[in-house]
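The values are calculated or read from the model by the stated rules, or taken from the named source; none is laboratory data. The shown structure was predicted, so the numbers you read here are calculated from the model rather than taken from an experiment. Note that we place each Cβ from the backbone using ideal geometry, even for glycine, and neighbour counts take in every protein chain shown. Accessible surface is based on the protein model in full, side chains and every heavy atom, while ligands, DNA and RNA are left aside. Shrake-Rupley method; radii C 1.70, N 1.55, O 1.52, S 1.80 Å.
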Amino acid sequence: MLSPSLEDYLEEIYRFSKELGFVRTTDIAEKLNVSLPSVTKAVKRLNKKNYLNHEPYKNIKLTQKGKKLGAFLVRRNKTLQEFVEIIGSKSNKADEAEAMEHYLSKDTVSAITSLVEFLKKEPQLQKKLLEFRNKNN
């Protein structure tokens with residue numbers, strides 16, 4: 001189990017590896033708005049836990065374990081942002097997903113994923129939900 005902070009690092013490392021094909025510590029520091037020493041410390045911890053391989057002054061490479069968890073973390077974030085949107089919340093989707101994502105069990109994320117997919121396939125039910133919500137606010 002990773003800390004919320006290490007999950008954030010791994011999630012961004014996964015995104016960079018998918019988008020660019022390589023990951024540099026400077027890119028992560030910029031994206032997460034943290035110092036290079038903080039990134040280096042996190043990368044060393046993720047390396048020790050076998051989520052990635054990294055040698056100083058070289059690009060970061062995810063292991064299979066890192067790719068699997070990274071993919072889950074990205075999907076979880078996307079699902080939670082969709083959830084915030086689909087229930088009609090006016091809050092910032094990204095901020096809300098970030099606030100929720102580290103504290104929900106995999107089972108709860110799975111249930112939310114099912115709800116989001118169901119409501120996307122049944123837009124009339126989403127409309128009823130939003131009407132109910134608006135009427136009761």
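Odds and ends about this structure:
- Relative contact order for the chain, counting Cα pairs under 8 Å that sit 6 or more residues apart, in percent: 19 percent
- Built amide H within the under 5 Å cut-off of ASN53, gap 5+: LYS61, LEU62, THR63
- Size-normalised alpha-carbon gyration radius of region 31-116, reference 2.2 N^0.38 Å: 1.30
- Positive-pole candidate from SER17, ASN92, ASN136, dipole of the chain, charges at beta carbon: SER17
- Of interest is the spacing of the C-alpha centroids, which for region 88-106 and region 13-27 amounts to 23 Å.
- The protection proxy used here, the mean number of other Cβ atoms lying within 10 Å of each residue, ranks peptides 95-106, 43-54 as follows, highest first: 43-54, 95-106.
- Per residue, the chain exposes 66 Å² of solvent-accessible protein surface, assessed with a 1.4 angstrom probe and all protein chains in place.
- Ordering GLN124, ASN33, VAL43 by Cα displacement along the dipole of the chain toward the positive end leaves VAL43 in first place; charges were set at the Cβ atoms of Lys, Arg (+1) and Asp, Glu (-1).
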